[in-house]
1. Would you say B:A190 is buried (at least 23 other Cβ atoms within 10 Å of the Cβ), touching a Leu at 6+ places or on another chain (Cβ under 8 Å), without any contact (Cβ under 8 Å) to a residue 60 or more places away in the chain and not basic (K, R)?
2. Tell me, which residue of the stretch B:53-97 that is part of a loop (DSSP other than H, G, I, E, B) and free of Cβ contacts under 8 Å to residues at least 40 places away in the same chain is least open to solvent (accessible area, probe 1.4 Å)?
3. Determine whether the stretch A:152-175 contains at least one residue that is more than 29 Å from A:L50 (Cβ to Cβ) and either at pLDDT below 95 or in the same structural domain as A:I25 (by TED's automatic domain parsing) (or both).
4. Which members of the stretch A:107-144 meet the condition of being surrounded by 14 or more Cβ atoms within 10 Å (Cβ to Cβ) and at the interface with another protein chain (Cβ under 9 Å from one of its Cβ atoms)?
5. Collect the residues in the stretch A:76-106 that are open to solvent by 30 Å² or more (accessible area, probe 1.4 Å), under 17 Å from the mean Cα position of the chain (by Cα) and facing another protein chain (nearest Cβ under 7 Å), keeping them in residue-number order.
6. Kindly indicate which of B:P107, B:P183, B:P204, B:P208 is away from every other protein chain (no Cβ under 14 Å), over 20 Å from B:G235 (Cβ atoms) and part of a helix (DSSP H, G or I).
7. Quick one: which of B:L244, B:L228 is surrounded by fewer than 20 Cβ atoms within 10 Å (Cβ to Cβ), more than 12 Å from every other protein chain (Cβ to nearest Cβ) and part of a helix (DSSP H, G or I)?
8. For A:E87, work out the one condition from (1) part of a helix (DSSP H, G or I); (2) of a type in the set (D, E, K, R); (3) in contact with a Gly (Cβ under 6 Å, 6 or more places away or on another chain) it doesn't fulfil.
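The values are calculated or read from the model by the stated rules, or taken from the named source; none is laboratory data. What you see is a predicted model, and the numbers here were worked out from it, not measured in a lab. With ideal geometry, Cβ positions are generated from the backbone for all residues, glycine too; neighbour counts draw on all protein chains shown. Heads up: the accessible areas ignore ligands, DNA and RNA and are worked out on the full protein's heavy atoms, side chains in. Shrake-Rupley method; radii C 1.70, N 1.55, O 1.52, S 1.80 Å.
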Amino acid sequence: MLTLKHLSKSYVAGTPVLTDVNLDIDARGITAIIGASGTGKSTLIRCINLLVEPTAGEILFEGADLARLSGKALRRARRHIGMVFQEYNLVERLSVMENLLSGRLGYVSAWRAWRRKFPPDDIRRAYELLDVVGLTGFANQRADALSGGQRQRVGIARAVMQEPTLLLADEPTSSLDPKTSVEIMELLTEVGRSRGIPVLVNMHDVELARRFADRIIGMGDGRIVFDGPAAALDDATLTTIYGGKGWLH
Amino acid sequence: MAGAATPAAAAAQPPVAERIWRRFSPAQRLARFSVYLVIVAAIAASVQSVEVIPEFLADAPEQVVDLLTRMWPADWAHYPDTVHDALIETLHIATLGTLLSLVLAMPVGILAAHNLVPSTPVNLIAKLILVSSRSVNSLVWALLFVGIFGPGALAGTLAIAFRSIGFVGKLFGEALEEAQRGPIEALTAAGAPWMSRMTYGYWPQVSPAFWSIALFRWDINVRESAVLGLVGAGGIGMVLDSALNLFQWPRVAVVLIAIFAVVVVAEVVVTQVRRRVI
């Protein structure tokens, strides 16, 4: 599905944020990346769709090395990778429907998109997804009128609009309260499972990761220090990932 | 970084009661004092170089009264036959000039925005165009275009447009640079092409600023186009010029009142439209 080989990234030469990351993501299931702040979780997830350009390594996805793509080829590859963001990254002054349809911008020409002439199928799918994420009737609301949880639901629906074969989520619950966080994670896993889309999600909430992920990847200092099923995550491994002991229990 | 600095700083601190807090460091105080000194010196130097002639200054109130009595009563009969058409022409010059400048300024503003065109040489060239547009006064632009196209409203319209490019382009470019990166990133991640990122990502974010700039510039241009006639570039300024040259003070009064009324109306229109658009 997705294979990272020897992926490295330094924003400033000589101070690597990611060092030799090797990772295989299966065709199904929820994978959570956990780790302390500043260990490169976000950089890793952003390298996958080249929002951040890796310094070295390969990103093998659907038979191509994304790290070598640029221009139109890269845009075409990105269409198949949906992304959900911590700050939702909706276009605030556009309606919920327009935000959902913006997930189709990789497929629809700029001229048609500008005149809001999307194929009827896209509109139908958008209405379906609004039902799925529990925002029936919100189509014409402006995105800036929504609460945080509602915005993230729009964010998820927009990502799914792309008909992705892989979903990335960069700290999707970090700006939300605990109850909404659980609801958003439930939605994300449910969307991933029902549509057979593997989900790769960054989070710093260990409990949430344990509860929802099938597989957990622990990162420390730009490297993968743990990779295993959620059940295998014990105090000893948490200490390796985060360092120190005092914060446990 | 912060972790390393804190213990050392804590060790060097005197007891709480003896710590003195000052808003500015001695160097900052010196710098601020120097700035004040330069301002005072500049004012003193300018007053000297203006060379006020005391006699003229003394009889200024008398002159004002004299001028006003000669202007009043205004020659209202003059309004329908010449002033009205010139006034409408002035509004046309201002409006067309503003529209033209919007069309011309948008591409230059985009080229000047570093987040959209990440090439410093291109940004600098665009900024140079914007600065040169602004550094030339409307009247000078008008003189130039009167030279090229002859006297009339066309020269006035182009003068207004070319003077406005710098203003509109600069503010539009800055609004683009202040657009949030997040939504753009999301559209990039969805594989949206450049044009769609513009129309879905940037435009919704900058459109309030854009309309605000356009209205503000139109407001300014209504006032500026009123004087363009002084150099023959059409509009009410031409009527004002001929009245002034012939010392027809009551006619001058009508023109000035008309300009004042239009400026007030423009102000009201702009305020109302802005409230509805934004």
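1. Yes, satisfied.
2. B:D59
3. no
4. Result: A:Y107, A:V108, A:A110, A:A113, A:W114.
5. A:R79, A:E87, listed by residue number.
6. Values: B:P183 fails: away from every other protein chain (no Cβ under 14 Å); B:P204 fails: away from every other protein chain (no Cβ under 14 Å); B:P208 fails: away from every other protein chain (no Cβ under 14 Å).
The unique qualifying residue is B:P107.
7. On the way: B:L228 fails: surrounded by fewer than 20 Cβ atoms within 10 Å (Cβ to Cβ).
From the options B:L244, B:L228, the qualifying one is B:L244.
8. Single failed check for A:E87: (1).
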